[in-house]
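Here the structure is laid out as structure tokens; the discussion comes afterwards.
The values are calculated or read from the model by the stated rules, or taken from the named source; none is laboratory data. Small disclaimer: the values here were computed from a predicted structure and weren't measured. Cβ placement follows ideal geometry from the backbone for every residue including glycine, while neighbour counts extend to all protein chains displayed.
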Amino acid sequence: MAEAGILKREDRVELINGEIIEMSAINARHAAAVKRLGRFFNRRVGESAIVGVQDPIELDDFSEPEPDVSLLRPRDDFYAQAHPKSQDALLVIEVAESSVVRDRLVKMPAYANSLISELWIVDLQADTIEVYTQPANGSYQSIRKFQRGETLSPQALPDVVLKASEILG
């Protein structure tokens with residue numbers, strides 16, 4: 001759409017279920033959480049995953065969200081030929097402050113329908129990290145919440161352990 005002149009390259013939008021959705025502005029707290037996650041994962045995952053930061057993932061012909069952070073299956077070309085697809089995602093993370101309702105009601109079902117195995121929603125307002133696993137029938141069957149003082153790990157990389165406070169700041 002940018003190539004056709006419908007959208008400008010700088011427009012902050014993503015495609016979800018065939019609908020162009022304007023993305024929320026990134027405030028300083030949101031940006032800091034994304035930076036912390038990116039730095040942590042880049043230091044810890046090594047060759048086990050590729051870390052994506054605000055990069056698109058093609059879920060299907062109608063959805064291409066841009067999660068704040070993603071861990072992707074390693075590929076020598078770093079997905080130079082095409083954006084990663086849902087089966088390439090080991091973990092998708094959405095950092096939310098003003099967008100938490102939309103992330104839960106719109107993006108989460110899209111991820112679950114595409115069988116993204118694990119989704120984290122970092123809810124900055126509630127100061128919690130919600131971990132969703134076991135996608136089936138458009139929803140996640142397992143939901144856990146983590147707070148400061150607790151640790152969590154991506155299910156695909158259980159040796160990579162984070163403190164909730166490292167994410168929340």
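Before moving on, here are some points about what is shown:
- Criterion: of a type in the set (A, V, I, L, M) and touching a helix residue (DSSP H, G or I) at 6+ places or on another chain (Cβ under 8 Å) - qualifying residue of Val106, Val101, Val69: Val69
For every residue, the table says whether it meets (1) in contact with a strand residue (DSSP E or B) (Cβ under 7 Å, 6 or more places away or on another chain); (2) more than 16 Å from Arg104 (Cα to Cα).
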| site | (1), (2) |
| --- | --- |
| Asp127 | no, no |
| Gln134 | yes, no |
| Gln141 | yes, no |
| Gln147 | yes, yes |
| Leu152 | yes, yes |
| Gln155 | yes, yes |
| Pro158 | no, yes |
| Val161 | yes, yes |
| Ala164 | yes, yes |
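- Taking the criterion of being modelled with pLDDT of 95 or more and within 13 Å of Glu94 (Cβ to Cβ), the residues of the stretch 35-66 that qualify are Leu37, Gly52, Val53, Ile57.
- Looking only at the stretch 138-154, and only at residues there that are touching a helix residue (DSSP H, G or I) at 6+ places or on another chain (Cβ under 8 Å) and of a type outside the set (Phe, Trp, Tyr), the one that is modelled with the lowest pLDDT: Gly138
- Every pair of residues 6+ apart whose Cβ atoms lie under 9 Å, when the first sits in the stretch 64-75 and is more than 14 Å from Tyr111 (Cα to Cα) while the second is crowded, with 23+ Cβ neighbours inside 10 Å and of a type in the set (Asp, Glu): none
- Scanning the stretch 117-140 for residues that are of a type outside the set (Ser, Thr, Tyr) and in contact with a Phe, Trp or Tyr (Cβ under 9 Å, 6 or more places away or on another chain) returns Glu118, Leu119, Trp120, Ile121, Ile129, Glu130, Val131, Gln134, Pro135.
- Asn17 meets each of the listed conditions (1) on the phi < 0 side of the Ramachandran plot; (2) in contact (Cβ under 8 Å) with a residue 60 or more places away in the chain apart from (1).
- Residues of the stretch 76-85 that turn out to be without any contact (Cβ under 8 Å) to a residue 12 or more places away in the chain and at positive phi, as a count: 0
- Of all residues making up the stretch 146-160, the number that are surrounded by 14 or more Cβ atoms within 10 Å (Cβ to Cβ) and assigned to a strand (DSSP E or B): 2
- Subset of the stretch 56-100 that is among the polar types (S, T, N, Q) and more than 15 Å from Val34 (Cβ to Cβ) - its residue that is surrounded by the fewest Cβ atoms within 10 Å (Cβ to Cβ): Gln81
- Some residue of the stretch 101-119 being part of a loop (DSSP other than H, G, I, E, B), buried (at least 20 other Cβ atoms within 10 Å of the Cβ) and either at pLDDT below 95 or of a type in the set (A, V, I, L, M) (or both): yes
- Any hit, the stretch 122-134, residues being over 16 Å from the mean Cα position of the chain (by Cα), buried (at least 19 other Cβ atoms within 10 Å of the Cβ) and not hydroxyl-bearing (Ser, Thr, Tyr): no
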